[in-house]
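J.: Submitted below is the structure of interest, expressed as C-alpha cells.
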Amino acid sequence: MPRTILAALDAHADRTPAAPAIDATTYAELRDGVARVANRLAAAGVRAGDRLVIYAENRPGFVYAYLAGMRLGAVVVPANVLYRAGELEHVIADAGARAIAVSEQSAPHLPATAGDLIRVPLAEVEAWFADPALPTDVPASAAAEDDVAILIYTSGTTGRAKGAMLTHGNLGAIAAQVNAAWRWTAADRLLLTLPLFHVHGLGAGLNGTLAAGGALTLRERFDAAYAIDVLARGEATMFFGVPTMYVRFLEQAPPGTRFDRVRLFVSGSAALPASVHEAFEATFGASILERYGSTEFGFALGNRYEGPRFAGTVGFPLPEVRVRLDGPPGEAGEVLVSGPNVCVGYWGDPAKTAAAFVTDEAGARWFKSSDLATFDPERGYTICGRLKDLIISGGFNIYPSEVEDELLRVPGVRGDRGAPRRRARRGPGRLRRGGRPVRSRRRDRDDARPAGEFQSPQSRLPARGAAPQRDGQGGKNPAAGDAGRRPRPGLSARRKISPPALYRGGVGGYYDGRTRDRHG
C-alpha cells in the first residue's frame, strides 16, 4: 500500500482511472484537477513549506485545495470554520500562514490581519480544477514522508490552541490503520457529513477513502432526514458520525427503517452512551463500532470489526498502534499511545512538545493523552474521562462518563450539564445536584422512573430518583431516599467543553455534540 495520501491518489488514478472518488469525480479527474489547482497556487506565490490555511465548510474546493497544497509541499492548516476573528487570528499568527483559502460564507469572518495573506477563493479553486486549458504537470516537490503535511489545531482544553504537526507519513499510517481495521475496500462508498477541518472527517473520512480507492459522498453538513434516506436505500456502505447524529437517527427515522445494506457505522469524537448504542442496534439491526482518537494521533482504539462490540467500550488498539495505561494496576490510568500515526509535536512549541511525550527504556516515544481509561481483556478499553475531570468523593473515584450514561437512561432526558462543588465533609469534587437537565419537550410526567431505581456508578452517588436529605449535622446525606418526592434527575460533572463545541446551524452546522478529540 502507498505510504502517503498523494501516492495512494496517484496509484488509484493509474490503476482505476474511471473509478469514482469524490461524488461523481473519478480518480483520474481528481489527480489531474488537483494538479491544475497546484499550478495556480504556485503561480499565486504558494511555495513548499508555506502554511496554507483552509477556512471553509465542507465543499469540493476544500478537498482540491488540501490535496493541491500538499502536492506543492506546502503545510495545510485546516481551520475550524466556526472560528471567528480572535480564534482565527491566533491560528494564522501561530502558524505563520502565507495564504488562506476561503468560501463566500467564511470570508466575511476573516480578521483584519488576514489582509496580508494570499487569499484563495474556493470558488476559483473549483473553476481551476475543471478548466481543461490549465496544465496538469506539477512543479517538483521536495516533500518527503517525514515532512509536515498538516497542522491541525487542538481545541485548547489546556490553554490556547496548539498546532499538532502531522507528517505525510502520519497521514498515510492513520489511513492504512483504519483501512485494515475496518476492512475498507475500493467497493465501499462512505457518506461523509463530518467537518473536514476535524481529524475524524479528514483523517478517517477523506484520507481513508483515498487510501482504499473507495468512493466518497461529501456533504456540507449533517442532515438527519437526508442521511437516513441515503443509508436506508443502500447508496452508501459506510457512515461515520458523532453520538448526536445517532441520536437524531433514533428520533427521526420512520418506523420500520432498516440499514441492512450499510456494513459499518462508526462513532467517535465523543463518548457514545451505552443506551444509544443499545437502542440503535435494537431499532435498526446494526451495531455501531466506537473508536477512540485524538488530534495528535488520529485513532488508537476501536471495537472489533468481527466479534461482539460492547456498549460503552472503545475496544482494542488498531493495527501498528501500541497503547498502555499509566497508573496503578487494576485501576484507571492515563492512556499513552505510540506508533507511526502519532504526531511529531506541536508547531513552534518545543516545551509543550516535550511535556506531551514520555520515552520508554527502549527509546519509543509515547504520547500522553490526558484521557483516563480502564482495560478488560475481553471487552477492551473503556474511556472514563479526562485526568482533570476525575471527581473524588469520600475517597472514591467517580468518572463523569459513568454518571452521564446513567442520566441518559432516564426517559425523556436528552442531555445533561453540571459541575462539581467542593464540600469539606466529603472532600474535593463532591457532586451536588443543581442546574437543569435537558429534556425532550414531549416528556410525559408519567415517564419518570420510580424513586430508588436509579443505580449510580459503584453506588457512590444518590440513588436514582432519590432526593438528597439533610443529615443530623445539617449536611446532605446522599444515601437517604424520599419515596414521597417525585424523582428528579441530577446532573453530572461534565468534561470541559471548549468553544465552539456546539454546532447549531449556520456556517458549518455539522452536529451538536461534544468532542473527545479536543479539536473543533
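J.: According to a simple spin-label model (label point 7 Å from Cα along Cα-to-Cβ), what is the distance in nm between A187 and A362?
T.: 3.6 nm
J.: Give the calculated FRET efficiency between A180 and A44 to the nearest 0.05, with a Förster radius of 41 Å applied to their Cβ-Cβ distance. Write out the running numbers ahead of the final one.
T.: Details: r = 38 Å, r/R0 = 0.93.
Given R0 = 41 Å and the Cβ-Cβ separation, E is 0.60.
J.: Compute the relative contact order of the range 22-166 as a whole-number percentage, counting only Cα pairs closer than 8 Å that sit 6 or more residues apart in sequence.
T.: 30 percent
J.: Nothing charged except the Cβ atoms of Lys and Arg (+1) and of Asp and Glu (-1): what's the magnitude of the dipole of the range 62-142 about its Cα centre? Round to the nearest 20 debye.
T.: Taking the Cα centre of the range 62-142 as origin, the dipole is about 120 debye.
J.: Provide the net charge surrounding Q105, with neighbours chosen by a C-beta distance below 11 Å and charges set as Lys +1, Arg +1, Asp -1, Glu -1.
T.: Values: positive: R59; negative: E57, E104, E220.
Residues close to Q105 contribute a combined charge of -2.
J.: For the range 21-107, just say rounded, prolate or oblate: build the C-alpha gyration tensor, square-root its eigenvalues into a ≥ b ≥ c, call rounded for a/c under 1.5, and beyond that prolate if a/b exceeds b/c, oblate if not. Could you put the intermediate results ahead of the total?
T.: Details: a/c = 2.53, a/b = 1.40, b/c = 1.81.
Oblate is the answer for the range 21-107, as a/c is 1.5 or above yet b/c matches or exceeds a/b.
J.: Same structure again: What is the spin-label model distance, in nm, from T16 to D326 if the labels are put 7 Å beyond Cα along the C-beta direction?
T.: Inter-label distance under the simple model: 4.2 nm.
J.: Also: Using 7 Å Cα-to-Cβ label points, what is the R84/E145 separation (nm, one decimal)?
T.: 4.5 nm
Since every read-out is calculated from the coordinates, none of them should be taken as a lab result. These figures come from a predicted structure and were not determined experimentally. No Cβ is skipped: glycine too gets one built from the backbone with ideal geometry, and neighbour counts run over all protein chains shown.
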